[in-house]
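Below is one structure, written out as structure tokens; comments come after it.
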Amino acid sequence: MNRLLSSFTLAALLALVAGCSRPPDAHNHAATAPAAAETPTAAPKYHCPMHPTYVADRPGDCPICGMSLVPIKSAAASASHGHAAVPGRAAIELGADKRQLIGLTLVPVERRELAQTVRAVAVVEHDETRTSRIAPRFGGWVRKLHVAFTGAAVTQGGPLLTVYSPEVYAAQNDYLVAWHALRDLPADAPATRRSAAAALLDAARTRLALWEIGDTELRALEQRDAPSAEITIRSPRDGHALTKQAVEGKAFMAGDALYEIADLSHLWLQARVAEADLPLLAVGQEALVTFASPALPAFTAPITFLDPHIDPVTRRGTVRLETDNPEHRLRPDLWADVEIEIPLGEKLVVPAAAVIDTGKRHIAFVAGADDRLEPRVVKLGARTSDFLEVRDGLAAGERVVSRALFLVDSESQLQAALAGMGAAGEHKH
């Protein structure tokens with residue numbers, strides 16, 4: 001936009017100078033030129049490069065500055081054969097010397113294998129499927145903590161805390177009564193009596209099992225042959241104490257969470273991906289994961305889940321990666337950089353530097369005959385950091401400007417503006 005304004009400003013200044021300094025005979029000369037509307041086909045018009053408002057119907061010299069008049073290229077003449085004219089831009093001619101002076105480079109439009117890289121930031125998190133909550137199914141009081149702080153390592157079956165519960169004490173006593181009743185039955189006891197005693201023992205055992213009192217505690221109870229005022233609650237998995245609510249002497253009710261245990265040997269990485277990139281991703285694709293710390297090596301991890309929701313604020317979706325962490329080198333809440341390379345197959349492409357984005361359209365300049373550079377509207381597809389997929393506007397083998405493109409574009413806009421001013425001057429005179 002700034003380049004276009006600069007071009008129009010320059011043209012306006014030139015017009016102002018020409019209007020103030022044009023001699024009377026210049027008006028008469030222009031007035032003698034027959035109007036284009038009076039001829040069956042529009043005759044070529046000429047104007048002065050320094051005074052574009054001076055228009056004549058034949059070659060000659062500018063009566064103001066003496067420069068040779070040059071033909072005015074109409075929009076139709078500026079458009080390449082078979083392609084519509086680009087509004088605000090005109091074809092230009094640059095000889096070899098001028099091309100070398102501005103460092104102009106042409107590159108071919110070609111087909112090549114294209115891959116798009118999706119980049120995102122990920123956060124390391126616990127594997128939700130490997131997290132356990134310790135919430136007793138009975139009420140009681142905390143007697144002793146075996147895991148006394150958050151983050152402490154625990155092993156499967158290892159003690160977490162010892163509690164006292166009147167409910168468990170009574171259930172243990174009921175179990176011992178039923179156990180004694182079945183054990184002490186005489187050998188010649190009726191089958192119905194033995195069956196009833198066995199059913200009573202099973203009911204007492206089931207009650208304790210529902211409170212998550214396992215076989216180890218039952219065998220210890222039978223060996224002790226007396227109910228215990230305390231019971232030890234053990235960890236269901238290896239890991240570490242993610243949270244700890246238990247405090248020695250604190251009462252708790254059935255269902256109160258005393259610990260959360262999380263396993264660090266397998267972790268999730270939750271990557272936040274822009275919504276425009278989400279359609280490119282699929283479960284099973286491999287991603288390269290790197291960290292800011294050089295002590296943490298890079299590795300690849302598969303995509304295992306695509307969140308079906310998008311954050312309405314950030315307009316990003318969550319993509320889950322998973323990785324093993326046997327040495328516990330990775331820690332939850334670490335930030336990681338994620339790169340996912342998506343192969344797109346063979347595409348017709350141009351270098352990214354060969355296309356100008358005007359905001360409304362994408363424009364490339366194509367090398368034509370007689371040193372002409374013709375503006376062309378291009379429709380793009382996939383994009384990488386180096387190349388752009390061409391879906392319409394260019395053909396394989398054509399050459400486009402990739403270096404000094406902005407200089408070419410500025411000249412094209414200036415020529416279009418001069419041509420427009422020349423057409424206005426033609427109607428005026």
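Some observations on this one:
- Residues in the stretch 288-316 that are among the hydrophobic types (A, V, I, L, M, F, W, C), without any contact (Cβ under 8 Å) to a residue 40 or more places away in the chain and either loosely packed, with under 13 Cβ neighbours inside 10 Å or in contact with a Phe, Trp or Tyr (Cβ under 8 Å, 6 or more places away or on another chain) (or both): ALA295, ALA298, VAL313.
- Restricting the stretch 58-104 to residues that are buried (at least 17 other Cβ atoms within 10 Å of the Cβ), under 20 Å from ALA354 (Cα atoms) and hydrophobic (A, V, I, L, M, F, W, C), the residue that is modelled with the lowest pLDDT: ALA79
- If you check GLN285, GLN245, GLN270 for being surrounded by 13 or more Cβ atoms within 10 Å (Cβ to Cβ) and free of Cβ contacts under 8 Å to residues at least 40 places away in the same chain, only one passes: GLN245.
- Selected residue (criterion: surrounded by the most Cβ atoms within 10 Å (Cβ to Cβ)) from residues of the stretch 180-195 that are of a type in the set (Gly, Ala, Ser) and over 30 Å from ALA254 (Cβ atoms): ALA189
- Taking first residues from the stretch 220-231 that are over 16 Å from SER165 (Cβ atoms) and partners that are outside any helix (DSSP H, G or I) and modelled with pLDDT under 90, no Cβ contact under 6 Å between residues at least 6 apart in sequence or on separate chains turns up.
- Of the strands (runs of 3 or more DSSP E) that lie entirely inside the stretch 244-345, those containing 3 or more residues that are under 15 Å from ASP127 (Cα atoms) span 259-262, 266-274, 299-310, 316-324.
- Listed by position, the strands (runs of 3 or more DSSP E) contained in the stretch 354-429 that have at least 1 residues being at pLDDT 90 or above and among the polar types (S, T, N, Q) are 399-403.
- PHE138 fulfils the conditions (1) part of a loop (DSSP other than H, G, I, E, B); (2) surrounded by fewer than 17 Cβ atoms within 10 Å (Cβ to Cβ) except for a single criterion, (2).
- Residue check for ALA241: within 21 Å of GLY151 (Cβ to Cβ), part of a loop (DSSP other than H, G, I, E, B) and in the same structural domain as ALA220 (by TED's automatic domain parsing): no
- Among the candidates GLU125, GLU113, residue that is surrounded by 15 or more Cβ atoms within 10 Å (Cβ to Cβ) and either of a type in the set (Lys, Arg) or modelled with pLDDT of 90 or more (or both): GLU125
- Hits in the stretch 160-179 (condition: of a type in the set (S, T, N, Q) and buried (at least 19 other Cβ atoms within 10 Å of the Cβ)): SER165, GLN172
- Subset of the stretch 93-118 (residues that are farther than 30 Å from GLU411 by Cα and among the small types (Gly, Ala, Ser)): ALA115
The values are calculated or read from the model by the stated rules, or taken from the named source; none is laboratory data. Source: prediction; values computed, not measured. Every residue, glycine as well, gets a Cβ built from its backbone with ideal geometry; the counts of neighbours run over all protein chains shown.
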